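Okay, structure first, notes after.
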Amino acid sequence: EQLQAVLRFLEGYNKNLYLCALLMYGCFLRPHREIRLLKRRHLNDDFTTISLSGTENKSKRIRIVRLPKYVTSELVKHGLHDLPPHAYLVTRDTEGFSGDYFKTLWTRAKREMIKKKMVEKNHTLYSFRHTGAVAVYQKTKDPYKVQKAMFHSSLTVTLVYLRSLGLMVDNNLDELPDL
């Protein structure tokens, strides 16, 4: 419910920040590099996958990301399928925004959302990515699937990540061996 309310707010507040939040939540992309530098050429013709080279993402490996239908429909709704191949999705032009673009937008939007009690001070732009990871883990109970979705380098990174979100606790008595 909170996620839906925040997304509705962002949709009216700033379309780029809204699309950024959707891409973080649904595709686990990172905002400051992967989303900000996303060009039309990275998406296939029917907007069902994003392809990033190793130089275009944190993992330094080729990354193919499937888009959920709700992300595809928003990209089409915003007319992004008509962009030339080298146009950035966020500027809709061949010129990009600065590295702090989404950080600045989030800071401004967050102030308003805190006043409306929609988010708390500890929420960050990365909270969308974290919330997406939580949703995948709760749906599958499989940290390996979370690792693959988030493109973590190892399962260890994913386990640390899930523990930091309070999802995995190592002291469940029901899982200890019986004698």
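The values are calculated or read from the model by the stated rules, or taken from the named source; none is laboratory data. What you see is a predicted model; the values in this text were computed from it and never measured. All Cβ positions, glycine included, derive from the backbone under ideal geometry; neighbour counts span all protein chains shown. Side chains are part of the model used for accessible areas, which takes the heavy atoms of the whole protein and leaves out ligands, DNA and RNA. Shrake-Rupley method; radii C 1.70, N 1.55, O 1.52, S 1.80 Å.
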#### Entry: Whichever residue in region 83-104 is part of a helix (DSSP H, G or I) and surrounded by 19 or more Cβ atoms within 10 Å (Cβ to Cβ) and, among such residues, is nearest to the chain's Cα centre (by Cα)
PHE102
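Quick one: in region 1-53, which of the residues that are in a helix (DSSP H, G or I) and polar (S, T, N, Q) is nearest to the chain's Cα centre (by Cα)?
My answer is ASN16.
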### Message
If PHE28 meets every condition in (1) of a type outside the set (Lys, Arg); (2) touching a residue at least 12 places away in the same chain (Cβ under 8 Å); (3) out of contact with any Phe, Trp or Tyr (no Cβ under 8 Å at 6 or more places or on another chain) apart from one, which number is that one?
### Response
(3)
### Query
When the residues of region 105-120 are filtered to those that are open to solvent by 40 Å² or more (accessible area, probe 1.4 Å) and of a type outside the set (Asp, Glu), which remaining residue is nearest to the chain's Cα centre (by Cα)?
THR107
### Message
Yes or no: region 59-72 includes at least one residue that is on the phi > 0 side of the Ramachandran plot and open to solvent by 10 Å² or more (accessible area, probe 1.4 Å).
### Response
yes
### Query
Taking the condition modelled with pLDDT of 90 or more, among the basic types (Lys, Arg) and either in contact with a Pro (Cβ under 7 Å, 6 or more places away or on another chain) or farther than 22 Å from ILE62 by Cα (or both), does LYS77 pass?
yes
#### Entry: Filter result for the condition that a residue is of a type in the set (Phe, Trp, Tyr), open to solvent by 60 Å² or more (accessible area, probe 1.4 Å) and either on the phi < 0 side of the Ramachandran plot or at pLDDT 90 or above (or both), over TYR161, TYR126
TYR126
### Query
Quick one: would you say LEU23 is open to solvent by less than 20 Å² (accessible area, probe 1.4 Å), in contact with a Leu (Cβ under 8 Å, 6 or more places away or on another chain) and over 27 Å from VAL157 (Cα atoms)?
no
### Query
Counting just the residues of region 43-56 that are out of contact with any Cys (no Cβ under 9 Å at 6 or more places or on another chain) and under 18 Å from LYS77 (Cα atoms), which one comes out surrounded by the most Cβ atoms within 10 Å (Cβ to Cβ)?
LEU43
### Task
Scan region 63-78 and give yes if some residue there is more than 23 Å from GLU11 (Cβ to Cβ), of a type in the set (A, V, I, L, M) and in contact (Cβ under 8 Å) with a residue 12 or more places away in the chain, otherwise no.
yes
### Query
In region 48-56, is there at least one residue being of a type outside the set (A, V, I, L, M, F, W, C) and under 17 Å from THR124 (Cα atoms)?
no
